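The structure appears right after this line, and notes come after that.
The values are calculated or read from the model by the stated rules, or taken from the named source; none is laboratory data. Given the structure is predicted, the values throughout are model-derived calculations rather than measurements. All Cβ positions, glycine included, derive from the backbone under ideal geometry; neighbour counts span all protein chains shown. Areas reflect the complete protein model, heavy atoms only, side chains present, ligands, DNA and RNA absent. Shrake-Rupley method; radii C 1.70, N 1.55, O 1.52, S 1.80 Å.
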Amino acid sequence: LEKWTVTPTLDAFATAENRRCESYIARYHDDGAYRRDFFTVSRWRKKEIIYAFPPPTLATLVLKYLQNYASKNKWALIALGYETVPLAVAIGRQSGLEVHRLDTEISVLRPDRRFSEDWNYYKPVAESSTTWMILNRPESD
């Protein structure tokens, strides 16, 4: 997230164990979560800065959802591509969003439900994958 130069305030796809922010949205009921189920949030706190690293199959749907319901918020969507550029990246570019291919020298970890002694509740992405970051930086009020 160094390219973003802001600190997210909400992890949109997390659990208490793998969250990247104090505030997070869990898939299922979680007493510590701000909300449950990302796709049920249609009103975002005004100054919320959203970090979304969904399962790869949901990236395009998450992009469209963020564009529809969080267009006034700053957000970063992480999308993984395997051999091809993800559709979310193509749509992001076409929409005029900022798109970055992340350096492959950096180890990218994705959330995992299982605990690992080496990675905690994360696992490395496949070496054959490409990691992309799609940024929304609306003009300040």
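Among the numbered conditions (1) open to solvent by less than 60 Å² (accessible area, probe 1.4 Å); (2) touching a His at 6+ places or on another chain (Cβ under 9 Å), tell me where ILE25 comes up short.
If we test ILE25 against (1) open to solvent by less than 60 Å² (accessible area, probe 1.4 Å); (2) touching a His at 6+ places or on another chain (Cβ under 9 Å), just (2) comes out false.
Residues are listed down the side, and each one gets a yes or a no for (1) open to solvent by 40 Å² or more (accessible area, probe 1.4 Å); (2) in contact (Cβ under 8 Å) with a residue 40 or more places away in the chain; (3) in a loop (DSSP other than H, G, I, E, B); (4) at negative phi:
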site: THR7; (1), (2), (3), (4): yes, yes, yes, yes
site: ALA14; (1), (2), (3), (4): no, yes, yes, yes
site: GLU17; (1), (2), (3), (4): yes, yes, yes, yes
site: ARG20; (1), (2), (3), (4): yes, no, yes, yes
site: HIS29; (1), (2), (3), (4): yes, no, yes, yes
site: PHE39; (1), (2), (3), (4): yes, no, no, yes
site: ARG45; (1), (2), (3), (4): yes, no, yes, yes
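Limited to the stretch 66-85, what total is found for residues that are outside any strand (DSSP E or B) and within 14 Å of the chain's Cα centre (by Cα)?
Our first condition is that a residue be outside any strand (DSSP E or B); within the stretch 66-85, this holds for 66-73, 83-85.
Keeping just the survivors that are within 14 Å of the chain's Cα centre (by Cα) gives 66-67, 70, 73.
Residues that pass the stated criteria total 4.
Which of the following residues is farther than 19 Å from ASN136 by Cβ and charged (D, E, K, R): ASP11, ASP31? So that I can check it myself, show each step before the final result.
Details: ASP11 fails: farther than 19 Å from ASN136 by Cβ.
Being farther than 19 Å from ASN136 by Cβ and charged (D, E, K, R) holds for just one of ASP11, ASP31, which is ASP31.
Just wondering, is there one or more residues in the stretch 59-70 that are at pLDDT 95 or above, surrounded by fewer than 17 Cβ atoms within 10 Å (Cβ to Cβ), within 25 Å of SER129 (Cα to Cα) and among the hydrophobic types (A, V, I, L, M, F, W, C)?
Yes, there is a match, as at least one residue in the stretch 59-70 is at pLDDT 95 or above, surrounded by fewer than 17 Cβ atoms within 10 Å (Cβ to Cβ), within 25 Å of SER129 (Cα to Cα) and among the hydrophobic types (A, V, I, L, M, F, W, C).
What is the number of the single condition among (1) under 26 Å from ALA16 (Cβ atoms); (2) open to solvent by 90 Å² or more (accessible area, probe 1.4 Å); (3) modelled with pLDDT of 95 or more that SER107 does not meet?
(3)
If you go through the stretch 47-59 one residue at a time, how many are part of a loop (DSSP other than H, G, I, E, B) and among the hydrophobic types (A, V, I, L, M, F, W, C)? Explain how you work it out, then say what you get.
Initially, the stretch 47-59 is screened for residues part of a loop (DSSP other than H, G, I, E, B), giving 47-48, 53-55.
Subset that is among the hydrophobic types (A, V, I, L, M, F, W, C): 53.
Residues in the stretch 47-59 being part of a loop (DSSP other than H, G, I, E, B) and among the hydrophobic types (A, V, I, L, M, F, W, C): 1 in total.
Here is a check on your reading of the model: is VAL99 assigned to a helix (DSSP H, G or I), on the phi < 0 side of the Ramachandran plot and in contact (Cβ under 8 Å) with a residue 24 or more places away in the chain? Explain how you work it out, then say what you get.
Working: assigned to a helix (DSSP H, G or I): no; on the phi < 0 side of the Ramachandran plot: yes; in contact (Cβ under 8 Å) with a residue 24 or more places away in the chain: yes.
The answer is no for VAL99.
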